[in-house]
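Worksheet: the structure to be examined is printed underneath.
The values are calculated or read from the model by the stated rules, or taken from the named source; none is laboratory data. Please read these numbers as outputs of a predicted model, since none were measured by experiment. Cβ atoms come from the backbone with ideal geometry, glycine included; neighbour counts cover every protein chain shown. All accessible areas refer to the heavy atoms of the entire protein, side chains included, with ligands and DNA or RNA removed. Shrake-Rupley method; radii C 1.70, N 1.55, O 1.52, S 1.80 Å.
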Amino acid sequence: MKDKEIIKSSHIKYMQRALYLASKGQGMTSPNPMVGAVLVKNGRIISEGYHKKPGTPHAEAIVISKAKEDARDCTLYVTLEPCCHSDKRTPPCSKAIIKAGIKEVYIAMKDPNPKVSGKGIEELQQHGINVSVGICEDKAKKLNESYIKYITTGKPFVILKIAMTLDGKIATPDGESKWITDLAARKYVHKIRTQVDAILTAIGTVKADNPSFTVRLINKKGNKNPIRIVIDPDFETPIDFNVMQIPPPTILVVKKDSIIEHSTGLANKKRALFEKEGEIIEYEGEKVQLDWLMDELGKRGITSLMIESGSSFSSSCINSGIVDKVIFFIAPKILGGKDSLPAIGGKCLRTLKEAIEIKNLKMRKIGKDIMIEGYINQINS
């Protein structure tokens, strides 16, 4: 192997380590990005770390603090451009890098945050630090796809999850759907729930299944349950249902004229919701505009969500253009029949040219089932 190839391979190795470390913060850092860092001196890692949650030290600050005086003349590998502004709870990492005397920095990707983008790199270069950008960039963008969407648009990254049979059915004509997929696939869904800020569903699913949308199948310290968001135009969610009684909080999205303050039943329901730190988002008109709702959720700091709902609402979400990524779990079962519920309902497309194309498909087997994921909106390309 030539010297240049050896050097490049070494850079990739250290950046891959930094990316692995960053991934350990998955589901815990929102609305911040996941960031990992590795500090190298004389071909040896002397410290490493990752950002754990908002308000705690960033990855760069952690590795510098661990290395102390040994940080001088080191090479830093970091998965995201170091921050350079003070509009946050922690000090700028660019200044910490400069003060530590680090001689060169390898960055996987620029920070898309307008407060940082390119400015952190420029500040390091102005102080004589060699900076290289782009090692393992695609992997870094994939890791922080939710952050990229949120910081550039103000809207959450949206995943549509569907569990269906081999012939595309999600339930029998009578509505039976538990369980189409095997336990291994359901556990994987719970793992995804730990990685998103919220679950979006509709009142039909809540009334039919009384779901809790928690991560009860994943027993891991530090896991958090996603917020529940229920499209409930007429405020029908029963007061004793799981989304009203079991933590975490639930947001109900209701029509403005459906909440009548002097109604005893509705007042009690509102009280029960608020006692669990829930919230009501009101909209005007007969039907909620989902793109508008994404703006509202973004204002509340929700950076990512997964849609878990029925055939009709899944269709509405896709047609509204809010879905970025789809994850299909396909069970080796056939239901058949035109009356069984299809995975995607709604209107029929009349030509193949109208079909929605899914990009960057990946497939893997999970237990007895097959998982296929891909993108409708590729925000990190």
* Rank-order 359-372, 140-153 by packing density, defined as the average count of other C-beta atoms within 10 Å over each peptide's residues, highest first. => 140-153, 359-372
* To do: For region 279-381, give the magnitude of the charge dipole about the Cα centre (Cβ charges: +1 Lys/Arg, -1 Asp/Glu; no others), in debye to the nearest 20.
  => 740
* **Among ARG193, ARG300, ARG228, residue whose mean-square fluctuation peaks in a GNM of the chain (springs only between Cα atoms under 10 Å)** => ARG300
* Table column - 3J(HN,Hα) (Hz), region 239-244, Karplus curve with 6.51, -1.76, 1.60, x for Gly and Pro -> 4, 9, 6, 4, 5, 9
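Share of the chain's accessible area from carbon and sulfur, percent, 1.4 Å? Walk me through the numbers on the way to the answer.
Values: 9920 of 19230 Å².
The value for the chain is 52 percent carbon and sulfur by accessible area.
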* **Rel. contact order, % - alpha carbon contacts under 8 angstrom, at least six apart, region 274-381** => 28
* Asked: Counting only residues 5 or more places away or on other chains, whose amide H sits under 5 Å from the amide H of LYS103 once H atoms are built in the peptide plane?
  -> ASP73, CYS74
* Net charge dipole size for region 230-334 [Lys, Arg +1 and Asp, Glu -1 on Cβ; Debye, nearest 20] -> 300
* What does the charge add up to near LYS368, with Lys and Arg as +1, Asp and Glu as -1, over the other residues with Cβ less than 14 Å from its Cβ? -> +3
* Given HIS127, PRO91, VAL158, which one lies farthest toward the positive end of the charge dipole of region 65-164, if we put +1 on the Cβ of every Lys and Arg and -1 on the Cβ of every Asp and Glu? -> VAL158
* Where does each of TRP179, TRP292 land when they are ordered by accessible area, with a 1.4 Å probe and the largest first? -> TRP179, TRP292
* **Anchor LYS115: aspartates and glutamates whose Cα lies under 17 Å away (excluding residues fewer than 8 positions away in-chain)** => GLU81, ASP87, GLU123
* Asked: Which residues in region 296-338 place their backbone N less than 12 Å from a point set 7 Å from the Cα of ILE281 along the Cα-to-Cβ direction?
  -> 296-306
* Probe 1.4 Å, accessible area per residue of the chain, Å² -> 50
* Chain lengthening between ASN268 and THR153 when straightened (0.36 nm per residue, less Cα-Cα) -> 37.7 nm
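What pairs from LYS13/LYS52; LYS255/LYS276; LYS224/LYS359 go past 25 Å between their alpha carbons? Before the final figure, lay out each step's value.
Values: LYS13/LYS52 22 Å; LYS255/LYS276 21 Å; LYS224/LYS359 30 Å.
The pairs that break the limit, which is 25 Å between Cα atoms, are LYS224/LYS359.
For ASP257 and ILE356, compute 0.36 nm times the residue count separating them, minus their Cα-Cα distance, and round to one decimal in nm.
Result: 32.1 nm gained on full extension.
Rounded to the nearest 20 debye, what is the charge dipole size of the chain about its Cα centre when +1 sits on each Lys and Arg Cβ and -1 on each Asp and Glu Cβ?
Result for the chain is approximately 1440 debye, rounded to the nearest 20.
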